[in-house]
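The values are calculated or read from the model by the stated rules, or taken from the named source; none is laboratory data. Nothing here was measured: the structure is a model prediction, and the numbers come from that model. A quick note on method: Cβ atoms are made from the backbone with ideal geometry, for glycine too, and the neighbour counts reach across all protein chains shown. When the accessible area is computed, the model is the full protein with side chains, heavy atoms only, and any ligands, DNA or RNA have been set aside. Shrake-Rupley method; radii C 1.70, N 1.55, O 1.52, S 1.80 Å.
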Amino acid sequence: MRLRTEMRHNDSVTNIIQHRSPSHVITTASADKTLKTWDVRNGTLLKEHTGHRGPINGIDIGTGAGGKSVIISAGDDGACLVWDTE
């Protein structure tokens, strides 16, 4: 098996989710306090989300207002944050 691409954070990756649509997009959570959304076809960083004051432990995809997809993150800072996926 050959490595296709590498997507990096500045600390350990704690969670990963695949978006429902488009399915070639993933979001990673990290102890570096960031979420990063990537195109797995080529490793392009599409968006970086900052706002947590501690490591991010969990992420999930949900449905927000108007039926739009949102990312929900939970961190060591005691916060659950909701992010637009666009």
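Here is how the numbers come out for the structure above:
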quantity	calculated
Top of S30, S21, S12 by mean-square fluctuation, Gaussian network on the chain, Cα under 10 Å	S21
Structure-derived Rg and Dmax of the Cα atoms in Å: which label, when the choices are (i) 12.7, 41; (ii) 14.0, 42; (iii) 19.5, 54	(i)
Placed amide H near K33: partners under 5 Å, 5+ positions off or other chain	I56
Net length gained if the chain between I26 and C80 were fully extended (0.36 nm per residue, minus Cα distance)	17.5 nm
Accessible surface of segment 1-42, 1.4 Å probe, proportion on carbon and sulfur as whole %	46
Accessible surface, per residue, of the chain when the full set of protein chains is kept, probe 1.4 Å, Å²	62
Phi to ³J(HN,Hα) by Karplus 6.51 cos²θ - 1.76 cosθ + 1.60 over segment 73-86, Hz, x for Gly, Pro	10, 10, x, 4, 6, x, 9, 10, 10, 10, 10, 5, 8, 8
Under 14 Å, Cβ to Cβ, from N57 - net charge with Lys/Arg +1 and Asp/Glu -1	-3
Interchain or long-range residues, amide H under 5 Å from S69's placed H	G64
Extension gain, R53 back to D39 (0.36 nm per residue minus Cα-Cα distance, nm)	2.5 nm
